[in-house]
Amino acid sequence: MKEYTINCGDQKITFSLIRKKVKNVNLRVKADSTVVVSANRSVPYIFVEELVRDKAPWIIKNLARIDEKKLLNMERKYITGEIINYLGNNFMLQVFQANHAEKIELNGRIIALFVKNSEDIERKQALIRKWYKEQAKIELGESLERIYPLVESFGIEKPTITIRTMKTRWGSCSWKRGKITINTELLKKSRDCIDYVVLHELAHFKFHKHDADFYGFLSALMPEWQVRRKLLKKETGVDD
Ligand SMILES: [Zn+2]
């Protein structure tokens, strides 16, 4: 068995190739997120690669589905001591009995969750998600204030920002509607990373594709953008 990684557009696909006595070529996406191709010895590698390329959209769709399942099944109980990623740091969750209103407070590296019924996992999750979304609105608004002045003189209109939980991208830009959409998950990353994604999406108003002009524009405005992008890719595999 040999492992190969190929680039399909801006996605990478890694697959294992097993040579065995099958009729032609079989391709599978397994539940553990591995992509396995079995092929008869007589089938040249280039043919296998061609097949993986043809099937790339299907593979990517299936991998995303598996990720989604994993996220849903992840055992989070929202109890004191659990780690919550926020703005590029690890925060510790502390759960308190709420005597009055249920709320969340930031206290140094502690996220204090006040909830009426501390056994109610769904309620705790809902409170944290709501808080995350509120913080995302604030943080993204502030990021836009920092980054927009860099592009203003290039005739780019100030867009509106929509925040949404997405599975495979940090952000997207719909230049026709003057709108950018940012992944709520980005709040787990540092402000430097958030600023990079905002600039990336703003740059798409001028350069729609990921071509040399686009990257040249990024480099001129944020010379260290590649460092920030690397930090984003770490541990997540989510692309821009
Ligand atoms: Zn892009």
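The numbers here are math on the coordinates, done by the rules we state, and not lab data. Since the model is a prediction, treat every value here as computed from it, not as a measurement. Don't worry about glycine lacking a Cβ; one is built from the backbone with ideal geometry, like all the others, and counts go over all protein chains shown.
Quick notes on this one:
- Qualifying residue in the range 170-179 (condition: away from the ligand (no atom under 14 Å from the Cβ), within 30 Å of LYS69 (Cα to Cα) and part of a helix (DSSP H, G or I)): no
Listed here are the residues, each with its yes/no results for (1) assigned to a strand (DSSP E or B); (2) within 12 Å of the ligand (Cβ to nearest atom); (3) farther than 29 Å from LEU106 by Cβ.
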| residue | (1), (2), (3) |
| --- | --- |
| ILE156 | no, no, yes |
| LEU199 | no, yes, no |
| LEU202 | no, yes, no |
| HIS208 | no, yes, yes |
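- Whether a residue is exposed (fewer than 13 other Cβ atoms within 10 Å of the Cβ) and within 16 Å of the ligand (Cβ to nearest atom) was assessed, and LYS130 does not pass this test.
- Contact map, the range 203-219: residues that are over 17 Å from THR181 (Cα atoms) and free of Cβ contacts under 8 Å to residues at least 12 places away in the same chain paired with residues that are within 9 Å of the ligand (Cβ to nearest atom) and among the small types (Gly, Ala, Ser), Cβ distance under 8 Å, separation 6+ or inter-chain. Pairs shown: PHE214/ALA203.
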